[in-house]
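The values are calculated or read from the model by the stated rules, or taken from the named source; none is laboratory data. Not measured: the values here are computed from a predicted model. Counting neighbours? That spans all protein chains shown, and the Cβs are built from the backbone with ideal geometry, glycine included.
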(Lines give C-alpha, C1' and ligand atoms only; values in the text may rest on other atoms or scores of the structure.)
Protein backbone atom coordinates (compact mmCIF):
# COMPACT_ATOMS: atom_id res chain seq x y z
CA UNK A 1 0.00 0.00 0.00
CA UNK A 2 1.46 3.35 -0.99
CA UNK A 3 1.73 6.23 1.47
CA UNK A 4 0.93 9.90 1.11
CA UNK A 5 2.93 12.45 3.07
CA UNK A 6 1.14 15.52 4.42
CA UNK A 7 2.81 18.60 5.82
CA UNK A 8 0.83 20.18 8.64
CA UNK A 9 1.87 23.81 9.03
CA UNK A 10 0.32 24.02 12.44
CA UNK A 11 2.88 21.71 14.00
CA UNK A 12 5.63 21.21 11.44
CA UNK A 13 5.97 17.46 11.17
CA UNK A 14 5.25 14.80 8.59
CA UNK A 15 2.26 12.55 8.92
CA UNK A 16 1.99 9.37 6.87
CA UNK A 17 -1.32 7.82 6.01
CA UNK A 18 -2.30 5.02 3.64
CA UNK A 19 -3.84 6.46 0.48
CA UNK A 20 -7.02 4.46 0.98
CA UNK A 21 -7.59 6.05 4.38
CA UNK A 22 -6.71 9.53 3.21
CA UNK A 23 -8.65 9.88 -0.02
CA UNK A 24 -11.58 7.54 0.62
CA UNK A 25 -13.19 8.97 3.71
CA UNK A 26 -16.58 7.40 4.17
CA UNK A 27 -19.33 9.77 5.34
CA UNK A 28 -19.63 8.09 8.74
CA UNK A 29 -15.87 8.43 9.25
CA UNK A 30 -15.58 12.03 8.08
CA UNK A 31 -16.31 13.34 11.56
CA UNK A 32 -13.68 11.04 13.11
CA UNK A 33 -11.12 12.13 10.50
CA UNK A 34 -11.85 15.82 11.11
CA UNK A 35 -11.66 15.33 14.88
CA UNK A 36 -8.32 13.55 14.56
CA UNK A 37 -6.87 16.41 12.48
CA UNK A 38 -8.07 18.98 15.03
CA UNK A 39 -6.43 17.05 17.86
CA UNK A 40 -3.17 16.76 15.93
CA UNK A 41 -3.17 20.49 15.18
CA UNK A 42 -3.86 21.28 18.82
CA UNK A 43 -1.03 19.00 19.93
CA UNK A 44 1.31 20.69 17.50
CA UNK A 45 0.37 24.19 18.65
CA UNK A 46 1.52 23.31 22.14
CA UNK A 47 5.04 23.10 20.77
CA UNK A 48 5.04 26.33 18.78
CA UNK A 49 3.94 28.55 21.64
CA UNK A 50 7.17 30.47 21.61
CA UNK A 51 5.86 33.90 22.59
CA UNK A 52 4.65 34.85 26.07
CA UNK A 53 0.90 35.20 26.38
CA UNK A 54 -0.27 38.82 26.18
CA UNK A 55 -1.83 40.37 29.26
CA UNK A 56 -5.60 40.08 28.99
CA UNK A 57 -7.43 41.99 31.71
CA UNK A 58 -10.57 39.86 31.65
CA UNK A 59 -12.68 42.12 33.83
CA UNK A 60 -11.92 45.13 31.59
CA UNK A 61 -12.61 43.49 28.19
CA UNK A 62 -15.27 45.39 26.24
CA UNK A 63 -14.90 43.69 22.86
CA UNK A 64 -13.42 40.51 21.41
CA UNK A 65 -12.73 40.36 17.68
CA UNK A 66 -11.74 37.12 15.94
CA UNK A 67 -9.94 37.11 12.60
CA UNK A 68 -9.57 33.76 10.87
CA UNK A 69 -7.81 32.72 7.70
CA UNK A 70 -6.80 29.61 5.85
CA UNK A 71 -4.72 31.54 3.32
CA UNK A 72 -1.48 30.09 4.72
CA UNK A 73 -2.60 26.47 5.02
CA UNK A 74 -4.29 25.35 8.23
CA UNK A 75 -7.13 27.54 9.47
CA UNK A 76 -5.90 29.88 12.20
CA UNK A 77 -7.64 32.48 14.34
CA UNK A 78 -6.15 35.57 15.93
CA UNK A 79 -8.10 37.24 18.71
CA UNK A 80 -8.10 40.92 19.63
CA UNK A 81 -9.19 41.79 23.16
CA UNK A 82 -10.13 45.46 23.52
CA UNK A 83 -10.09 46.92 27.03
CA UNK A 84 -12.20 49.78 28.37
CA UNK A 85 -9.19 52.11 28.52
CA UNK A 86 -8.59 51.77 24.76
CA UNK A 87 -5.71 49.27 24.93
CA UNK A 88 -5.80 45.94 23.18
CA UNK A 89 -4.19 42.53 23.49
CA UNK A 90 -3.65 40.34 20.43
CA UNK A 91 -3.59 36.55 20.84
CA UNK A 92 -2.07 34.42 18.06
CA UNK A 93 -1.18 30.77 17.59
CA UNK A 94 2.42 31.57 18.57
CA UNK A 95 1.41 32.60 22.09
CA UNK A 96 1.64 30.18 24.99
CA UNK A 97 -1.77 29.14 26.30
CA UNK A 98 -3.52 29.88 22.98
CA UNK A 99 -5.76 26.78 23.04
CA UNK A 100 -6.66 27.14 26.71
CA UNK A 101 -7.80 30.72 26.17
CA UNK A 102 -9.84 29.79 23.08
CA UNK A 103 -11.51 26.95 24.97
CA UNK A 104 -12.25 29.16 27.99
CA UNK A 105 -14.08 31.91 26.10
CA UNK A 106 -17.59 30.36 26.26
CA UNK A 107 -17.20 29.90 30.03
CA UNK A 108 -15.94 33.45 30.60
CA UNK A 109 -18.50 34.99 28.22
CA UNK A 110 -21.70 32.90 28.00
CA UNK A 111 -22.87 34.89 24.95
CA UNK A 112 -20.06 33.27 22.92
CA UNK A 113 -21.20 30.03 21.32
CA UNK A 114 -19.16 26.92 22.21
CA UNK A 115 -18.98 26.18 18.46
CA UNK A 116 -17.70 29.61 17.42
CA UNK A 117 -14.32 28.31 16.24
CA UNK A 118 -15.81 25.49 14.16
CA UNK A 119 -18.38 27.87 12.68
CA UNK A 120 -15.60 30.22 11.59
CA UNK A 121 -13.48 27.36 10.21
CA UNK A 122 -16.32 26.32 7.87
CA UNK A 123 -16.12 29.70 6.13
CA UNK A 124 -13.58 29.66 3.36
CA UNK A 125 -10.64 32.05 3.10
CA UNK A 126 -10.88 35.00 5.53
CA UNK A 127 -13.51 35.59 8.16
CA UNK A 128 -13.96 38.30 10.77
CA UNK A 129 -16.36 37.99 13.68
CA UNK A 130 -17.15 39.99 16.80
CA UNK A 131 -17.41 37.36 19.50
CA UNK A 132 -18.25 39.65 22.38
CA UNK A 133 -19.18 43.28 22.81
CA UNK A 134 -20.06 44.86 26.12
CA UNK A 135 -22.89 47.34 25.76
CA UNK A 136 -22.30 50.44 27.83
CA UNK A 137 -25.31 51.86 29.59
(request) Among the residues of the range 106-120, write down those that are closer than 21 Å to residue 69 by Cβ and in contact with a strand residue (DSSP E or B) (Cβ under 7 Å, 6 or more places away or on another chain). (result) 112, 116, 117, 120
(message) Contact list please: Cβ distance under 7 Å, first residue in the range 56-84 and in contact (Cβ under 8 Å) with a residue 12 or more places away in the chain, second residue surrounded by fewer than 16 Cβ atoms within 10 Å (Cβ to Cβ) and part of a helix (DSSP H, G or I), pairs at least six apart or on different chains.
(response) 58/108; 83/60; 84/60
(request) Quickly run through the range 115-137 and pick out the residues that are surrounded by 12 or more Cβ atoms within 10 Å (Cβ to Cβ), in a loop (DSSP other than H, G, I, E, B) and modelled with pLDDT of 90 or more. (result) 134
(request) Specify the residue that is modelled with the highest pLDDT; the eligible residues are those in the range 88-109 that are surrounded by fewer than 18 Cβ atoms within 10 Å (Cβ to Cβ) and assigned to a loop (DSSP other than H, G, I, E, B). (result) 109
(request) Please work out which residue is modelled with the lowest pLDDT, limiting yourself to the range 62-87 and to residues that are in contact with a helix residue (DSSP H, G or I) (Cβ under 6 Å, 6 or more places away or on another chain) and assigned to a strand (DSSP E or B). (result) 68
(message) Of the residues 112, 56, only one is in a loop (DSSP other than H, G, I, E, B), over 17 Å from the mean Cα position of the chain (by Cα), at pLDDT 90 or above and surrounded by 11 or more Cβ atoms within 10 Å (Cβ to Cβ); which?
(response) 56
